[in-house]
Each structure stands twice: as structure tokens, then as C-alpha cells.
Amino acid sequence: MACWKCREPTPVVGLLATLAEDDGESYGDPTARPVEPISLRNITDLPYDLLQVMRAYQPRYAKRESRTAGMSYYQNECRHCGANIGDFYLFGEPGGPFFPMSEDEVALVEVLDVPVIGTLEIEADCGQGGVDLIFERRGK
């Protein structure tokens, strides 16, 4: 994506799940076709091994303070100017990297499947929607 501050291209990563549980409430159905992924936003804790997979694609993915969100969570950082790139912009803004509105925007997204056996404990907010076009394209 183009950094909001310096406009230079910088890689960003995000995390999706096919099934999530939050306060005893289940989200998602991994057997549904097409899969309706759940975005994990404002991640405050995640397994070290998964963090390393994400950092292989975006080495500057780290836990940082967000004045806008009023909390610390894992965020992307521009590789050129060091600006924080928050999850709201990535997942919540139409036209953002993980909320594409056109085929051209979808074409910029690479999806990596990370097979998981068992349960991963991740502290995050769950969201649905926004990533639908990405997964419609994958089904083609």
C-alpha cells in the first residue's frame, strides 16, 4: 500500500481466521463455501511463531502505542518513514488494503494460508466483512 504519511509503497500484513471465539460467542464457519473469514484487529497478544510468520512478510510488524485507538496493539509500520499504519485504515476503510472495493485493489492482495492444528490463543477484536472480494477472487 501507499503510506498515508510519505506516500511511498510499503508492505502490510493482516490476520484472518475461519473460526473465532470471543467471550463464549463463536464467529465463522470453516466449512461454509465460500469461506466467510473473520478479520482479527487490534491484536494485543499472539503466539510467537505466528508473529514470526507475519514478520517474514512485514519485518516492522510490532506492538506499538496508538494514540488514536488509545491502546497498544500489533501494527504495521512504513518501511520508509516509520509511520504507524493502524488496523482501522487497513480493515475498516473502504478501499483500504484489506477492504478492497474493486478488482484492481483485490489484485494487490496476496493471501497466505497458514495451516493450524489445534487452537491458537490470540487477543484481538473480531470483525466480519470487508475482505469478501478477496475471497471471491480466490474462488475463481
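For Tyr57, which of the numbered conditions (1) buried (at least 16 other Cβ atoms within 10 Å of the Cβ); (2) out of contact with any strand residue (DSSP E or B) (no Cβ under 6 Å at 6 or more places or on another chain); (3) within 13 Å of Leu15 (Cα to Cα); (4) of a type in the set (Phe, Trp, Tyr) fails to hold?
(1)
Can you say whether Arg64 is out of contact with any helix residue (DSSP H, G or I) (no Cβ under 8 Å at 6 or more places or on another chain), among the basic types (Lys, Arg) and farther than 15 Å from Arg7 by Cα, as far as the supplied structure shows? Give the derivation first.
Numbers: out of contact with any helix residue (DSSP H, G or I) (no Cβ under 8 Å at 6 or more places or on another chain): yes; among the basic types (Lys, Arg): yes; farther than 15 Å from Arg7 by Cα: yes.
In short, yes.
Could you pull out the residue among Glu77, Glu105 that is charged (D, E, K, R), modelled with pLDDT of 95 or more and surrounded by 17 or more Cβ atoms within 10 Å (Cβ to Cβ)? Talk me through it step by step, then tell me what you get.
On the way: Glu105 fails: modelled with pLDDT of 95 or more.
Residue meeting the stated conditions: Glu77.
Scan Asp23, Asp29 and give me the residue that is of a type in the set (D, E, K, R), in contact with a Leu (Cβ under 8 Å, 6 or more places away or on another chain), more than 17 Å from Thr10 (Cβ to Cβ) and at pLDDT below 90.
Asp29
For every residue, the table says whether it meets (1) within 13 Å of Leu16 (Cα to Cα); (2) surrounded by 18 or more Cβ atoms within 10 Å (Cβ to Cβ); (3) in contact (Cβ under 8 Å) with a residue 60 or more places away in the chain; (4) in contact with a Lys or Arg (Cβ under 8 Å, 6 or more places away or on another chain).
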{"site": "Arg41", "(1), (2), (3), (4)": "yes, yes, yes, no"}
{"site": "Ala69", "(1), (2), (3), (4)": "no, no, no, no"}
{"site": "Phe91", "(1), (2), (3), (4)": "yes, yes, yes, yes"}
{"site": "Leu112", "(1), (2), (3), (4)": "yes, no, no, no"}
{"site": "Leu120", "(1), (2), (3), (4)": "yes, no, yes, no"}
{"site": "Ala124", "(1), (2), (3), (4)": "yes, yes, yes, yes"}
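Could you check region 30-53 and list, in sequence order, the residues that are outside any loop (DSSP other than H, G, I, E, B) and touching a strand residue (DSSP E or B) at 6+ places or on another chain (Cβ under 7 Å)?
Once the filter is applied, which keeps residues that are outside any loop (DSSP other than H, G, I, E, B) and touching a strand residue (DSSP E or B) at 6+ places or on another chain (Cβ under 7 Å), region 30-53 yields Ile38, Ser39, Leu40, Arg41, Asn42, Ile43, Thr44, Asp45.
Assuming Pro97 fulfils every condition listed in (1) modelled with pLDDT of 95 or more; (2) within 12 Å of the chain's Cα centre (by Cα); (3) assigned to a loop (DSSP other than H, G, I, E, B) apart from one, which condition is it?
Status for Pro97: all satisfied but (1).
Scanning region 2-27 for residues that are acidic (Asp, Glu) and without any contact (Cβ under 8 Å) to a residue 60 or more places away in the chain, which turns out nearest to Phe135 (Cα to Cα)?
Of the residues in region 2-27, the ones acidic (Asp, Glu) are 8, 21-23, 25.
Restricting the remaining residues to those that are without any contact (Cβ under 8 Å) to a residue 60 or more places away in the chain gives 21, 23, 25.
On the way: Glu21: 21, Asp23: 27, Glu25: 24 Å.
The selected residue is Glu21.
Rundown of residues vs (1) in contact (Cβ under 8 Å) with a residue 40 or more places away in the chain; (2) of a type in the set (Phe, Trp, Tyr), yes/no style:
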residue	(1), (2)
Asp29	no, no
Leu50	yes, no
Tyr74	no, yes
His80	yes, no
Phe99	no, yes
Glu103	no, no
Leu108	yes, no
Pro115	no, no
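The values are calculated or read from the model by the stated rules, or taken from the named source; none is laboratory data. On a predicted model such as this, the values are computed, not experimentally measured, just so you know. Glycine gets a Cβ as well: all are built from the backbone with ideal geometry, and neighbour counts include every protein chain shown.
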